[in-house]
Every structure is written in C-alpha cells, then in structure tokens.
Amino acid sequence: MQRIWQDRREQWKALSIRKVANFFGLWLSYHLSRLTRRPLHWGGPFSLSIEPTTTCNLGCPECPSGLRQFTRATGRLSKETLDNLLSDTSKTLGNIIFYFQGEPYLHPQFTDLVKTASDRGIYTTTSTNAHFLTEEKARQTVESGLSRLIVSIDGTTQETYEQYRVRGSLEKVLKGTRNILKAREEMGSSTPHVIFQFLVVKPNEHQIDDVHNLAAELGVDEVRLKTAQVYDYENGNPLIPDDTKYSRYRQQKDGTWTIKNKLLNQCWRMWQGCVITWDGKVVPCCFDKDATHQLGDTAEDGFHSIWNGPAYHDFRQSILRSRDQIDICTNCTEGTRVWAEE
C-alpha cells in the first residue's frame, strides 16, 4: 500500500496549476457535450499514448502486432517526432503512456525517449513483456525516470503462460522483473512503480491467487487483473473465462455472446487524450490498432491543428450521435464496469 501511495504522489508531482486548469476545462466541456449533444472541447490533451515501435517478439493470439496482421506501415518512433510532439503538448500533459502496439524495449533508444518526456516533468508509463529487461536495460530504465512499469504476466507456470504469450518465456519475465526491482533498490530510486498485469483468460483464470502470491514473493508493488479483448466472441471463444466477472462479454439466452458495454453515446477518452502512432499519425484511441481512423499527421500539421480540427470535431460528434455505428467502439469497455480496460 505504501508503494501505491508513493506512485500517487509521483502523479501529483507531474501536475501544475496550468495542467489542473486544463483538465478541468476538458472535464467541463465533455460533460456539457454530453448534455447538449454538441462536441464542445476546451483544452489540450491531458494524456497521450505514444507508440515506440510496432515490432514484437511474441505471437499472442488476439494481438495484430504479434500476428503480423497490420495493414499500416510498421517502424519505430524517432526522437524528432517525439520532440515536435512534446513541444506542442507538454504544458498540458499529465502523463504519457509509451505503448500502443509492439514491445517498447525493442526500440534501441527507448529509455532515451522516456527520459526526454520525464525531463519535462511528465508522468511516464510503459507496458512490456519483460523479455529484454537485462541488468543494463533495467538500470537505464531507472535512470530514464520512468514512473510506472507494467509487466505483462499471464500465467505463473510456463505451460499456462505460453498458451497466450506464444513464443514467450516465463523465466525471462521473472528475471526481467527481478532486474528492475534490484536496479531500483540499488540506485535508491522510488520509480518505476512496478505492476504485474494479469490478462484473465480461460487457460489462466485458475492462477489468479498464484499471481498475487508470486508478486508478493518478488516484491512487485501491485497486481492488476485485466479483462481480455477477443475479436470473435459472438459464438463464444476459448479465451473467455468461466468466471464472467473477469470477462467483457456475457452469454445471451440464445447461446450467443455479446459485449457487456451498452455503448452509450459518450466517451471521455475522446476529450482527454489520443494515440500517436510511431510515425506521428493521430488516432482516437487504443482500440484503433490498425490506425484506420486517422485524424491527422503530425509530420504535416501541428498537433493542435489536428486536435482542434474538423476531422476530430466530426469524430467526437459521431460519438455523441451513434457510437454503436463506429467499428472500433463495438468491442470497447469505455463506460462500462469491468475489471479493467484495454
């Protein structure tokens, strides 16, 4: 619990009067938009997800990166793209998630990118499969000022782990976790806050208690359970857990399955932040994995001209009118109470 409160303090430290005022403007305009059904929008982004790379070493069954199913260009984020983006947004940003698709640590300069944002007083997070957290990378991670490190661990035995994390090694995950915890202690740092993220699917749901015990044994700061997004769920899916409180889906009387989300015509994500692909494209959120709803290109236009531009305005309007008609929204958890979101 002490570590969790310490992490909260790191988030508060990243705030300023201007960032708080900006957040309030976003919150107010969002709720007024819900009432008026018009896309009012005041303020810059409070949160961004930035994609370091699309490359991944694993082959997870519901991940387009691991399955190499992208139709968009693949590559890795340049320092120039990040610098330009931060020049436009850093004064309002409370946090950056350095993750979208791919494994961040496969970017050769990943920790340098994190440091660039951390040096601007921004709370930084990444999510990793931990296969590349060598002792050297662990020390570089601590030195970068990374605020939060999410380690994906979807099984407490190799047999269970590899059923979802195809081509993965649980031993490497545990070694990488030990490396980051050791580096943090040796360097006397309070960051990064280390989270075990457990994607609950049918093959591993029997190990929920085990992952909490393993985290406690290693000294991991926190465990978070995450519900799994599956693409073909209407007729059931072998990944949907038996305990449906860990599922985004529910079975109907006719035996078919549907998402629990009522898909109300609202979405806070569309007001407070967005996703930036490795090559600077702006997309609405993390559910647009193949970047099919591009709202602009920061390489051609300034971020704020996109953020406040007609394409974004029209997309927010479509959310307020008919969210259930937008393909990336139909498998979304925004606005519903499940154990975790995408």
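The values are calculated or read from the model by the stated rules, or taken from the named source; none is laboratory data. Nothing here was measured: the structure is a model prediction, and the numbers come from that model. Every residue, glycine among them, receives a Cβ derived from its backbone with ideal geometry; neighbour counts consider all protein chains shown. All accessible areas refer to the heavy atoms of the entire protein, side chains included, with ligands and DNA or RNA removed. Shrake-Rupley method; radii C 1.70, N 1.55, O 1.52, S 1.80 Å.
With +1 on each Lys and Arg Cβ and -1 on each Asp and Glu Cβ, and nothing else charged, work out how big the dipole of the chain is about its Cα centre, in Debye to the nearest 20.
Rounded to the nearest 20 debye, it is 1060 debye.
Mind checking the per residue accessible area of the chain for me, 1.4 Å probe, whole number of Å²?
About 46 Å² of surface per residue is accessible.
At 7 Å along the Cα-to-beta-carbon direction for both Lys260 and Arg9, put a label point, then send me their distance in nm to one decimal.
Rounded to a tenth, the inter-label distance reads 3.4 nm.
Dipole magnitude of the range 1-146 about its Cα centre, charges +1 at Lys/Arg Cβ and -1 at Asp/Glu Cβ only, in debye to the nearest 20?
With Lys and Arg at +1 and Asp and Glu at -1, about 680 debye.
Using amide H atoms built in the peptide plane, which far-off residues or other-chain residues are under 5 Å from Thr54 H to H?
Gly75
Along the range 6-23, what does the Karplus equation 6.51 cos²θ - 1.76 cosθ + 1.60 (θ = phi - 60°) give for ³J(HN,Hα), rounded to whole Hz, x for Gly and Pro?
Once rounded to whole Hz, the list reads 5, 5, 4, 5, 5, 5, 5, 4, 7, 8, 9, 4, 5, 5, 5, 4, 4, 4.
Taking a cut-off of 19 Å between Cα atoms, list the aspartates and glutamates near Lys79, but don't count ones fewer than 8 places away on the same chain.
Partners found: Glu51, Asp88, Glu103, Asp112, Asp119, Glu143, Asp279, Asp297, Glu300, Asp301.
Dipole of the chain (Lys/Arg Cβ +1, Asp/Glu Cβ -1, origin at the Cα centre): which of Val151, Gly43, Thr126 lies farthest to the positive side?
Gly43
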